[in-house]
Amino acid sequence: MKLYFRQFGKSRGDVPVLLLHGLLGSLVNWQRIARKLGQTRRVIVPDLRNHGRSPHDPDVSYTAMAADVVELLDDLEIPRSVVIGHSMGGKTAMVLALTHPGCVERLGVVDIAPVTYNGRLAMLLDALLALPLEQITSRAHADELLAPSIADKAVRDHMLQNLQHSEKGWRWRNNLQALRHGLDIISEFPEALSVQPYTEKCCFIKGGNSDYIEKQSLSRIKTLFPLAELLEVSGAGHWVYAEQPQAFLDVLEGFLTK
């Protein structure tokens, strides 16, 4: 699948940085970070399948998403890159590193672990699917309609970035039906991967206020990524780079230059 993407910065001979967004996100989520990194590096930010401006497909598996990224890197003639992924993008990055280690110079995983997460996103997706698009008069109106189901304004704002108006009315840019249908697959980590551990430099960046990387998942992380180091950004929840962008950048830069 040919992914839509943007590039920031210019090639300076260094290995490029690839940034992968999370579920119901898009490359827009990474733009602030990408512009900062682009001051000294080449940065590539794609929309993953079923998100943003990239094509839709019923296959939501991580092996398919990782294969899309490999195709993008091949098209750009990039043999190796630093891969940083958040949440769903972090799982995609992990699968990419495990199945195509030659493509990944080093790996950064943001607030997610290679484990299954149960019951976190079904209600959110159901609320978005239930939004009566034919009745919406504005994005503010959509926000008002979502408020009873999604209490957190920051989460609603994040979701509504994907609501687009056209001559035919309002529509979701993301393929919500495929994502909801495949949510169990997205929530899991593919245990059937018959792979060797990824043995290059690797970090897991955790939000200090987030519970997505728990102590019981550390052994699984170390099994698959033996060189992994756990880094923490204080004052951040799951959307680490959005909630504490400068602190996140400081941690990320330290890892990139180590």
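Here are some notes:
- Condition check for Leu249 on (1) over 26 Å from Arg42 (Cβ atoms); (2) touching a Lys or Arg at 6+ places or on another chain (Cβ under 7 Å); (3) surrounded by fewer than 20 Cβ atoms within 10 Å (Cβ to Cβ): one failure, at (1).
- Cβ-Cβ distances below 6 Å connect the following pairs, each with a first residue in the range 224-241 that is assigned by TED's automatic domain parsing to the domain that holds Ser26, a second residue that is surrounded by 19 or more Cβ atoms within 10 Å (Cβ to Cβ) and basic (Lys, Arg), and a separation of six or more residues or different chains: Glu232/Lys206.
- Within the range 194-215, the residues that satisfy the criterion of being among the polar types (S, T, N, Q), in contact (Cβ under 8 Å) with a residue 12 or more places away in the chain and farther than 16 Å from Ala93 by Cα are Asn209, Ser210.
- Just one of the listed residues (Leu231, Leu227) is among the aliphatic types (A, V, I, L, M) and farther than 13 Å from Val110 by Cβ, and it is Leu227.
- Going through (1) more than 21 Å from Leu193 (Cβ to Cβ); (2) in contact (Cβ under 8 Å) with a residue 60 or more places away in the chain one by one, Asp126 falls short only on (2).
- Screening the candidates Arg42, Arg12, Arg49 for the property of being out of contact with any Ser or Thr (no Cβ under 9 Å at 6 or more places or on another chain) and assigned by TED's automatic domain parsing to the domain that holds Glu243 yields one hit, Arg49.
- Residue within the range 97-113 that is modelled with pLDDT of 95 or more, over 24 Å from Lys206 (Cβ atoms), in the same structural domain as Val17 (by TED's automatic domain parsing) and in contact with a Gly (Cβ under 8 Å, 6 or more places away or on another chain) present: no
Residues checked against (1) closer than 23 Å to Gly119 by Cα; (2) of a type outside the set (A, V, I, L, M, F, W, C):
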| position | (1), (2) |
| --- | --- |
| Trp170 | no, no |
| Ala192 | yes, no |
| Ser219 | yes, yes |
| Leu227 | no, no |
| Gln244 | no, yes |
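- Contact annotation: residue pairs with Cβ atoms under 7 Å, 6 or more positions apart or on different chains, pairing a residue in the range 1-17 that is among the polar types (S, T, N, Q) with a partner that is part of a strand (DSSP E or B), are Gln7/Val43; Gln7/Ile44.
- Top-ranked residue of the range 167-203 - restricted to ones that are of a type in the set (Ser, Thr, Tyr) and surrounded by 14 or more Cβ atoms within 10 Å (Cβ to Cβ), ranked as farthest from the chain's Cα centre (by Cα): Tyr198
The values are calculated or read from the model by the stated rules, or taken from the named source; none is laboratory data. Every value quoted in this text rests on a predicted model; they were computed, and no experiment measured them. Cβ sites come from the backbone with ideal geometry, for glycine too, and all protein chains shown count toward neighbours.
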